[in-house]
Amino acid sequence: MLAYTLVGGLLFGLYFGLVALGLNLVFGVMRLVNLAHGDFLMLGAFAAYWAYQLFGLTPVSALAAEVVIFSALGLALYYAVVPRLLASSDPEMLSFILFFGLSQALQALAVIAFGNNPRSIPATVFGRAPVRILGQAFPAAWMVSGVVSVALVLFVYLYLYHSRLGRATRAVMSSREEAMVSGIDVHRVSAAALGVGLMLAAMAGAFSPFMLGSIEPGMGTAVTTVSFTVTVIGTLGEPLGTVLGGLVYGMSLMLMESYLSSWANLLPYLLLIAIMLVRPAGLLARRARYA
Amino acid sequence: MLKAVLTGVATVGLFALAPVFYANQTLLFSAMMYLVLAQGINVLYGFTGYLPFGYVGFFGAGAYAGALSVLRLGLSPVLALVVGGVVAVLVGVVLVPLLRLSGAYFAIANLAAAQALYYVVSNPDLQALTNGPYGINLAVAYNATASYAAMVALLGLALATVVYLRHSRLGLALRAIREDRISAELAGINVVRERTIAWLLSALLAGLCGAAFAWYISVFYPETVFSLNVSIFAIVFALFGGAATLAGPIVGTLVLYGLYSAIGISQPEYFQLIFGLVIVGLVLFLPDGLASLSERAGFEVP
Amino acid sequence: MSSEVSRVSGVSGIGRSAALSDNAARLEASGLAKRFGGFRALDGLSFRLERGEILGLMGPNGSGKTTTINVVSGVYSADGGEVCLDGKPVTALAPHRRVRLGLNRTFQVPRPLRGLTVHQNVEVAAVYSGAGTDVVAQCLEWAELAHLAGRRASTLNNSQQKRLDLARALATRPRVLLIDEMGAGLNPAELETMAHKLCALAEQGVALVVVEHVLGFLQMVSSRVIVMNAGRAIFEGTVAAAAEDPEVVRVFLGERHH
């Protein structure tokens with residue numbers, strides 16, 4: 001039981017890290033809380049569902065299409081609203097409300113387009129044979145999700161630390177003003193970050209049928225809350241910290257579900273509140289955020 | 001001040017007399033309920049800048065506390081309303097530390113608190129106390145007329161609270177805090193104390209409102225009274241009309257709830273779409289709501 | 001002007017213990033320390049200020065002048081040291097409590113309550129500090145803002161906002177007033193008027209600390225200045241003597257060569 005819980009917690013933890021990674025990247029670069037993050041994940045899940053239904057593609061093969069669609073969506077969204085928001089009187093609060101409105105609109109559009117019926121992709125799409133680790137059997141889909149998550153985290157690492165755009169991105173993250181005066185094109189960097197952020201959310205969505213449950217238009221709100229929890233545990237504005245947040249969250253979730261299942265639903269919320277109040281800057285604390 | 005009082009009296013009078021002319025009492029009741037909640041949000045957001053995304057937590061706490069005190073303690077419904085208000089204030093006291101968080105962090109932490117409360121109340125392990133996920137049946141106390149009257153009174157209370165805040169030193173202090181916390185402190189304002197008062201006042205209104213709702217509706221489930229939609233509606237209604245005014249949330253609620261009752265019940269997804277787009281448009285083009293339009297035209301909004 | 005010049009280094013020198021005695025200073029700061037991460041913004045600063053006195057605070061950018069005001073007014077909590085008002089320690093008090101005891105400050109970049117009217121800005125300070133609404137009209141008059149009383153603070157220009165900031169502080173009936181960079185952005189005529197107003201306040205018994213870059217302004221208002229560098233006092237004496245002090249000169253030139 002414990003071995004199962006730990007390995008399962010690791011796989012889920014890696015996946016939750018991926019789920020929240022885009023939210024944290026966007027926050028780190030623009031100081032905006034993307035409340036529609038979970039809804040983009042939902043759209044990514046539907047994209048994977050239709051890729052499977054119409055063309056028989058597995059979620060892994062569908063990723064290529066998601067990269068194109070969602071990074072383009074992110075760039076378009078950036079130039080449509082963000083510069084205007086950042087120039088407003090209270091960017092933090094107004095963006096919070098705006099992205100919330102966007103979340104509502106996306107949920108409604110998803111209902112109009114796809115209906116309210118829950119959808120799923122059969123877990124056997126990655127083969128029927130379970131993967132055995134430490135004598136425990138795990139669905140192959142969990143393994144694939146874990147591996148894809150690691151690959152995408154690696155991608156974000158390379159992007160941030162081994163590319164010119166990434167260096168500029170980190171400069172903007174540490175100080176927008178300084179980056180601006182040192183000649184960095186802040187808008188280009190931020191637009192790219194929103195593109196990557198949405199792309200990561202959508203890719204996480206492709207595996208949600210195996211890790212989060214069925215695909216539904218309304219799933220985004222809970223996903224956003226979980227992402228926010230993971231992000232806060234792993235330190236806001238510190239994209240790679242998200243991985244740590246995901247692992248802590250995944251492990252705790254598996255432990256709760258194994259040993260205290262009826263209260264497991266409470267976990268993300270209580271963790272979120274507790275960490276905000278007790279260790280407001282996250283586990284890798286540097287900045288405080290008190291009023 | 002006079003204009004504000006007249007606006008308030010007219011609104012309350014309208015809802016008090018409306019059942020005589022209009023048969024759909026439940027619609028009127030819901031409109032009043034959202035008016036009270038929108039003003040409750042207004043007390044907090046309009047005057048302090050804290051956006052309580054989990055406002056529904058107080059509403060749900062009030063609904064459950066009121067209903068359970070009738071069912072388990074045999075209190076009269078009117079007394080149960082008071083219990084609902086008091087319990088919501090107690091929840092508010094527990095959550096006071098959240099006020100240390102700013103902006104979006106507060107909003108999200110408050111949302112998380114409301115969700116946590118929902119999962120506690122609806123937990124099957126607590127069935128003996130709250131009846132868990134199976135909800136509440138308050139048919140023993142059902143009285144549509146009396147509970148409607150209670151909501152009218154509550155509406156009066158909510159409007160009076162906002163009028164008071166707009167014309168009292170407490171309201172001035174809260175607006176100072178909202179503008180700039182440090183400058184407010186240097187004006188001698190005890191920021192922690194004043195904002196706590198606004199927070200608890202706002203909780204009280206939602207708690208009373210929840211208990212009145214429970215009394216009127218009589219049968220409900222945890223997901224009814226802890227639905228995130230309740231917070232969302234109240235917030236958007238208040239913002240749409242214009243926070244920190246009395247008339248703004250009234251106009252916002254009447255317009256948007258009218259829209260909701262016209263299309264939202266038969267085709268919720270189309271309402272939600274319009275709603276979402278209204279919010280986006282509001283932030284981008286009219287961040288201070290309809291009230292700012294009228295103020296630009298030179299008409300002061302009460 | 002007195003020619004009394006004393007060199008101080010860090011805590012020793014002017015930093016006497018804050019004893020509760022008859023001759024307690026109006027404001028006494030001893031051993032003030034403030035760190036931001038590894039950076040020591042204040043590193044053992046001490047000074048005293050008597051009733052009706054105007055003390056100038058000079059130093060290059062980042063030397064700790066504004067941090068001094070922030071720590072004394074309670075906007076930042078001190079990491080070490082003590083602030084006493086009339087011999088009573090206020091170090092542990094929240095800013096609004098210090099305001100009610102008669103300690104107030106202005107800002108280098110004024111931060112009025114932008115959505116409120118000029119009158120409301122002053123009124124809220126008068127009411128909540130316990131001074132009472134009687135002082136509002138008087139403070140608006142003093143700051144030459146009476147004709148703008150009904151305007152939103154956000155519509156004021158820089159000079160008007162600076163005067164509103166002062167009026168807000170004065171409406172709390174301060175005994176000690178800390179003024180951060182009054183001169184920046186004011187024209188010479190405005191500077192002179194402001195200098196006269198501050199001197200008049202001092203004559204009424206208000207003790208002032210004036211942080212200033214504009215040397216001419218300091219010369220008009222204060223007989224005694226402290227020069228700060230790296231969070232410490234490196235010089236205390238007259239403005240004229242400061243200009244001739246080799247270390248002060250080195251510090252300021254160092255800034256220019258930077």
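General remarks:
- In chain A, Cα pairs under 8 Å separated by at least six residues give a relative contact order of 40 percent.
- 3J(HN,Hα) along segment B:237-251: 4, 5, 5, 4, x, x, 6, 6, 10, 7, 6, x, x, 5, 4 Hz, from the Karplus curve 6.51 cos²θ - 1.76 cosθ + 1.60 with θ = phi - 60°, whole Hz, x for Gly and Pro.
- Computed from Cα atoms alone, the Kirkwood hydrodynamic radius reported for the protein assembly as shown is 29.7 Å.
- Extension gain, residue C:39 back to residue C:146 (0.36 nm per residue minus Cα-Cα distance, nm): 34.2 nm
- Loop-located chymotrypsin sites (Phe, Trp or Tyr not before Pro) in segment B:103-204 (DSSP state not H, G, I, E or B) with no more than 16 neighbouring Cβ atoms inside 10 Å: B:142.
- Shape of segment C:104-205, Cα gyration tensor, a/c cut at 1.5: oblate
- Across segment B:157-220, counting alpha-carbon atoms alone, Rg and Dmax equal 15.2, 51 Å.
- Sequence of C:96, A:187 from largest to smallest accessible area, 1.4 Å probe: A:187, C:96
- With DNA, RNA and ligands ignored, accessible area of residue B:26 (1.4 Å probe; Å², nearest 10): 70
- Computed from the Cβ-Cβ distance with R0 of 30 Å, the FRET efficiency linking residue C:187 to residue A:84 stands at 0.25.
- Proximal charge balance of residue A:179 [Cβ under 14 Å; K/R count +1, D/E count -1]: +3
- Scattering profile of chain A at q = 0.07, 0.09, 0.11 Å⁻¹ [log10 I(q)/I(0), Debye over alpha-carbon scatterers]: -0.25, -0.41, -0.62
- Close amide-amide hydrogen proximity is noted between residue C:234 and C:227, C:228, C:229, each under 5 Å apart and 5 or more residues distant or on a separate chain (H modeled in the peptide plane; Pro and chain starts excluded).
- Considering helices alone, the calculated mean residue ellipticity of chain B at 222 nm is -23500 deg cm²/dmol, with DSSP H runs of length four and up weighted by -39500 (n - 2.57) and normalised per residue.
- Applying 1/(1 + (r/R0)^6) with r as the Cβ-Cβ distance of residue C:213 and residue A:259 and R0 = 51 angstrom yields a FRET efficiency of 0.20.
- Expressed per residue, the C-alpha convex hull volume of chain C stands at 133 Å³.
- 0 to 90° range, to nearest 10: angle between helix A:241-259 axis and chain A longest Cα axis: 30
- With N as its number of residues, segment A:82-188 has a Cα radius of gyration that, divided by 2.2 N^0.38 Å, comes to 1.64.
- A Förster radius of 30 Å combined with the Cβ-Cβ distance from residue A:123 to residue B:125 puts the calculated FRET efficiency at roughly 0.50.
- The smallest convex shape that holds all Cα atoms of segment B:148-302, its convex hull, gives 143 Å³ per residue.
- Between the amide H of residue C:107 and those of C:180, distances stay under 5 Å, these residues lying 5 or more places away or on another chain, with hydrogens modeled in the peptide plane.
- When restricted to Cα atoms, segment B:2-296 yields an Rg and a Dmax of 18.3, 56 Å, respectively.
- Net charge contributed by nearby residues that have their C-beta within less than 13 Å of residue A:223 (K/R +1, D/E -1): -2
- Using alpha-carbon coordinates, inclination of helix C:158-170 to the longest axis of chain C, degrees: 90
- Within segment B:25-56, backbone nitrogen closer than 20 Å to the virtual label 7 Å beyond the Cα of residue B:170 toward Cβ: B:36-52
- Accessible area buried, both sides summed, chains C and B with 1.4 Å probe, Å²: 1900
- Ordered by 1.4 Å accessible area with all protein chains kept, A:149, B:168 run largest first as B:168, A:149.
- Distant-in-sequence amide contacts of residue C:54, defined by a placed amide H-H separation under 5 Å and a gap of 5 or more residues or a different chain, comprise C:208, C:223.
- Lysines with Cα under 29 Å of residue C:162, excluding same-chain neighbours fewer than 8 positions away: C:34, C:65, C:197
- Karplus (6.51, -1.76, 1.60) ³J(HN,Hα), θ = phi - 60°, over segment C:63-68, in Hz, Gly and Pro reported as x: 7, x, 5, 5, 4, 4
- Two-decimal Rg/Rh across segment B:40-153, once Rg and the Kirkwood Rh are taken from alpha-carbon atoms: 1.01
- Per-residue ³J(HN,Hα) for segment A:189-204, Karplus 6.51 cos²θ - 1.76 cosθ + 1.60, θ = phi - 60°, Hz, x for Gly and Pro: 4, 5, 4, 4, 5, 5, x, 5, x, 5, 4, 5, 4, 5, 5, 4
- Accessible area expressed per residue, the protein assembly as shown, with surrounding protein chains retained (probe 1.4 Å, Å²): 39
- Solvent exposure, largest accessible area first (probe 1.4 Å, DNA, RNA and ligands not counted), of B:193, C:26: B:193, C:26
- Stokes-Einstein D in µm²/s, Kirkwood radius over Cα pairs - segment B:108-181 at 4 °C with 1.567 mPa s viscosity: 79
- Descending semi-axes in Å of segment C:170-235, equivalent ellipsoid built from Cα gyration tensor: 20, 16, 11
- With the convex hull of its Cα atoms as the shape, segment A:1-111 has an orientation-averaged projected area of 9.1 nm².
- Accessible-area composition of the protein assembly as shown, carbon plus sulfur, in percent [1.4 Å probe]: 61
The values are calculated or read from the model by the stated rules, or taken from the named source; none is laboratory data. Everything numeric here is computed off the predicted structure, so don't read it as measured data. FYI the Cβ positions are ideal-geometry reconstructions off the backbone, even for glycines, and counts take in every protein chain you see. Calculation scope for accessible area: heavy atoms of the full protein, side chains included, ligands and nucleic acids excluded. Shrake-Rupley method; radii C 1.70, N 1.55, O 1.52, S 1.80 Å.
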